[in-house]
1. Tell me, which strands (runs of 3 or more DSSP E) wholly within the stretch 334-411 include 1 or more residues that are closer than 24 Å to residue 47 by Cβ and among the hydrophobic types (A, V, I, L, M, F, W, C)?
2. List, please: which pairs have Cβ atoms under 8 Å, are six or more places apart or on different chains, and start with a residue in the stretch 91-117 that is free of Cβ contacts under 8 Å to residues at least 12 places away in the same chain and end with one that is in a loop (DSSP other than H, G, I, E, B) and of a type outside the set (Ser, Thr, Tyr)?
3. Condition (residue is in a helix (DSSP H, G or I), small (Gly, Ala, Ser) and crowded, with 22+ Cβ neighbours inside 10 Å) applied to the stretch 110-118: is it met by at least one residue?
4. For the stretch 17-34, which residues satisfy the criterion of being out of contact with any strand residue (DSSP E or B) (no Cβ under 8 Å at 6 or more places or on another chain) and not polar (S, T, N, Q)?
5. Can you tell me which of 110, 126 is more than 23 Å from the chain's Cα centre (by Cα) and either closer than 26 Å to residue 34 by Cβ or aliphatic (A, V, I, L, M) (or both)?
6. If I ask for residues that are among the aliphatic types (A, V, I, L, M), more than 19 Å from residue 366 (Cα to Cα) and in contact with a strand residue (DSSP E or B) (Cβ under 7 Å, 6 or more places away or on another chain), which ones from the stretch 150-209 would you list?
7. For the stretch 122-138, name all the residues that are within 16 Å of residue 30 (Cβ to Cβ) and either surrounded by 21 or more Cβ atoms within 10 Å (Cβ to Cβ) or outside the structural domain of residue 175 (by TED's automatic domain parsing) (or both).
Amino acid sequence: MRKIIIIGAGAAGLMAAFAASEKCGTDAEITVIEKNERPARKLMITGKGRCNVTNNCDTDTLIANIPKNPRFLYSAFSAFNVNDTMRFFEDRGVALKTERGNRVFPVSDKAVDIVDALVKAVQKNKVKIINGTADSINASDGRVTGVKLKSREEFSADSVILATGGLSYPVTGSTGDGFKMAESLGISVTDLKPSLVPIVCHEGFCSRLSGLSLKNVTLSVFEEGKKKPIFSELGEMLFTHFGISGPLVLSASSYMRYIDKKKYNIFIDLKPALTVEQLDSRILRDFSEMQNKDFINSLDKLLPKSLIPVAVSLSGIEPHFKVNQISREQRQSFCNLLKKFPLTPTGFRPIEEAIITSGGISVKEINPDTMESKKISGLFFAGEIIDVDAFTGGFNLQIAFSTGYTAGQNV
């Protein structure tokens, strides 16, 4: 009987276990080794605990949302696509819904439903999930022979699927163990960097605005020297003591891949529903109702309270100017500020705070049709450990499911 070991019970590892058990049936003994007491801890917190399970789009759109090594994934997406993912969960009683941006969530808005469906699917197929921490992968003459745990317990294996995730969110178990195990076998790991990560900004006022959440604003990112934004999207963001975070910011960060080499500028449109002219008319109307008020006391209807002194300071208008003294040019300049509120990004937060890791096992050393290592026979890779990553919107989980399924089918 063949012995298959999967290291890591996350989205990729559990899907790999399911695919292997479906393919091999009773001809294989399949064991998943998971360092956490409960499987899929990172899956439990995705999408703020709602789990953005995939993106309801075609393969071309999937590929377009993967900036790092997208072509490598064509075979995996052919083997297990978006419709396959949705069907997998719906067949197991998890009703799904499609929201803005084609993001797919469980109707219940509970990530635990996705996790339970995966765990029950593998358990139904007699896959064993054991609690333990893999320390190394044994190999002889260029072929996998087994896995050794930190407890010194050893398991023999004909095939091993490495699905240990990246370096982000180490509290969920993604501590880079898989990279070390792979490198010890002579497998190349590309530079590991944060992706989908909060952004550090130069402006000191960010710390004063810490905790302020902005909804329905447009955040745009410009690379120095380019006229068109490399990212521009409507959504929600948050000021923090170091800069900015929130869904919009995490998405923007993945377009700023060369922040250590290139300069970027960020602008926030605080009133995207209004043109500059409409905003000017709105401010004029507010001013007419409070002609004898100081400028700083006239903006309560327009801006969040904590943002007012910052906006006034950036405007260059004297805070205690009476609104009836403000010139047309000053007012229009203030409108432009609110439509293009500037921030200067200086870097990213540490990789431990990122949603995903950019970088990983070099795709040059993986067979894209099977996910098997080109250097070590019987060793397969799945999920975030591979050097592919995507923008937000369910694309990264689809990569996990597709690569996991492909690896499982080919062990």
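1. Values: elements: 341-343, 345-348, 356-358, 379-381.
In the stretch 334-411, 345-348, 356-358 are the strands (runs of 3 or more DSSP E) which contain 1 or more residues that are closer than 24 Å to residue 47 by Cβ and among the hydrophobic types (A, V, I, L, M, F, W, C).
2. 97/107
3. Looking for residues that are in a helix (DSSP H, G or I), small (Gly, Ala, Ser) and crowded, with 22+ Cβ neighbours inside 10 Å, one finds at least one in the stretch 110-118, hence yes.
4. Scanning the stretch 17-34 gives 18, 19, 22, 23, 25.
5. Checking each option against the conditions leaves just 126.
6. 157, 167, 196, 197, 199, 200, 209
7. Selection gives 122, 127, 134.
Yes/no per residue for (1) surrounded by 17 or more Cβ atoms within 10 Å (Cβ to Cβ); (2) at pLDDT 95 or above; (3) under 12 Å from residue 219 (Cα atoms):
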site: 238; (1), (2), (3): yes, yes, yes
site: 272; (1), (2), (3): no, yes, yes
site: 310; (1), (2), (3): yes, yes, no
site: 325; (1), (2), (3): no, no, no
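The values are calculated or read from the model by the stated rules, or taken from the named source; none is laboratory data. Predicted, not measured: the structure shown is a model, and the values here were computed from it. Quick reminder, even Gly has a Cβ in these numbers, built from the backbone with ideal geometry, and neighbours come from all protein chains shown.
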